[in-house]
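Here's the structure, in structure tokens; my notes come after.
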Amino acid sequence: MSLKQQKQAYVLLTPFFILFFVFTVLPVAMAFVLSFTYYNILEPPKWIGWDNYANLFIKDEIFLIAVKNTILFAVITGPLSYIACLLLAWLINELSPKVRAVVTLLFYAPSLSGNAYLIWKIAFSGDSFGYINAFLLKWGFILKPVQWLTDPKYMLAVLMLVQLWLSLGTAFLAFIAGLQSMDRTLIEAGAIDGIKNRWQELWFITLPSMRPQLMFGAVMQITGSFAVADIATQLVGFPSPQYAAHTIVNHLIDYGTLRFEMGYACAIATVLFIIMLGANQLVQKLLKKVGD
């Protein structure tokens, strides 16, 4: 159809495109340009070429620690939280409507809780009154309290556990919605065509029917796993001891909001954007194979 015939549709979409360009495309483009400058907010940006990127990967040892922590965090928590969201949504979908609504709220509630970090701080407190230490001491698993939130050996593992607990959020609801809107006649047709059990039904019928929700959930989970910062700050402090829980976003906050080295911060943001973009492309290729 011609542009003139679609005029009303384009007029309705114009406000969205304007907002998307002003608040998403333009800031990303500006950050990429500023990453090649020295910019401290007080003075005009000074072009320095690739110096920021060279410093990141050659001189900035803390950034390399942050990259290692972030990738390790994303590789473990991203797939686990994604699979957990999908399986729990699939199981909850089998319940009656009233029970399903209550159980969905119970699983979704942690992602809405503003005091979640306080609960985990108490649980992993480093004295004998912390719930975890008290349990382990009572049953003889340990002889003295473990410093869960200050010992570099345990910090990252604790943060991963908390992230998994908080991960049943938007993606979880998207999977529930996808399962609820699925065409039930496909299941009947599959039974006629030779689907023998629920796992075959899940792989060959349910998942291919939910590809849009699967893609949305993957993007949300990847973004969440790579953008971890608040959990580390709230539980182990900023910066964390020996930078054991330091992530790329923590490093970005350090240079962008504390040191005001905006050019360097933009270089960090650009690297993170490229990593996340690559991860999303990989996930898209993997999801295309679902049901094959």
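Assorted remarks:
- Some residue of the range 259-268 being touching a Gly at 6+ places or on another chain (Cβ under 7 Å) and either under 24 Å from S35 (Cα atoms) or among the β-branched types (V, I, T) (or both): yes
- Summed over the range 28-53, residues that are part of a loop (DSSP other than H, G, I, E, B) and either surrounded by fewer than 16 Cβ atoms within 10 Å (Cβ to Cβ) or not hydroxyl-bearing (S, T, Y) (or both) total 10.
- Of all residues making up the range 91-102, the number that are more than 18 Å from L164 (Cβ to Cβ), hydrophobic (A, V, I, L, M, F, W, C) and in a helix (DSSP H, G or I): 3
- The set of residues from the range 240-257 being under 18 Å from K121 (Cα atoms) and surrounded by fewer than 18 Cβ atoms within 10 Å (Cβ to Cβ) comprises just one member, P241.
- Evaluated against (1) in contact (Cβ under 8 Å) with a residue 24 or more places away in the chain; (2) surrounded by fewer than 21 Cβ atoms within 10 Å (Cβ to Cβ), V228 falls short on exactly one condition, (2).
- Residue check, I222 under 26 Å from I58 (Cα atoms) and among the β-branched types (V, I, T): no
- Looking across L80, L56, one residue alone is at pLDDT 85 or above and crowded, with 18+ Cβ neighbours inside 10 Å. It is L56.
- Restricting attention to the range 227-248, the residues that are of a type in the set (D, E, K, R) and touching a Leu at 6+ places or on another chain (Cβ under 6 Å) total 0.
- With respect to the conditions (1) at pLDDT 85 or above; (2) within 20 Å of T233 (Cβ to Cβ); (3) surrounded by fewer than 16 Cβ atoms within 10 Å (Cβ to Cβ), L87 falls short on a single one, namely (2).
- Test result for I71, modelled with pLDDT under 90 and in contact with a Phe, Trp or Tyr (Cβ under 9 Å, 6 or more places away or on another chain): no
- The residues listed here are L258, L235, L207; of these, the one that is over 20 Å from the mean Cα position of the chain (by Cα) and either at pLDDT 85 or above or of a type in the set (F, W, Y) (or both) is L258.
- Unique residue being surrounded by 15 or more Cβ atoms within 10 Å (Cβ to Cβ), among the small types (G, A, S) and in contact (Cβ under 8 Å) with a residue 24 or more places away in the chain when the list is G130, G169: G169
The values are calculated or read from the model by the stated rules, or taken from the named source; none is laboratory data. None of the values given here were measured: they were computed from a predicted structure. Using ideal geometry, Cβ is built from the backbone for each residue, glycine included, and neighbour counts are taken over all protein chains shown.
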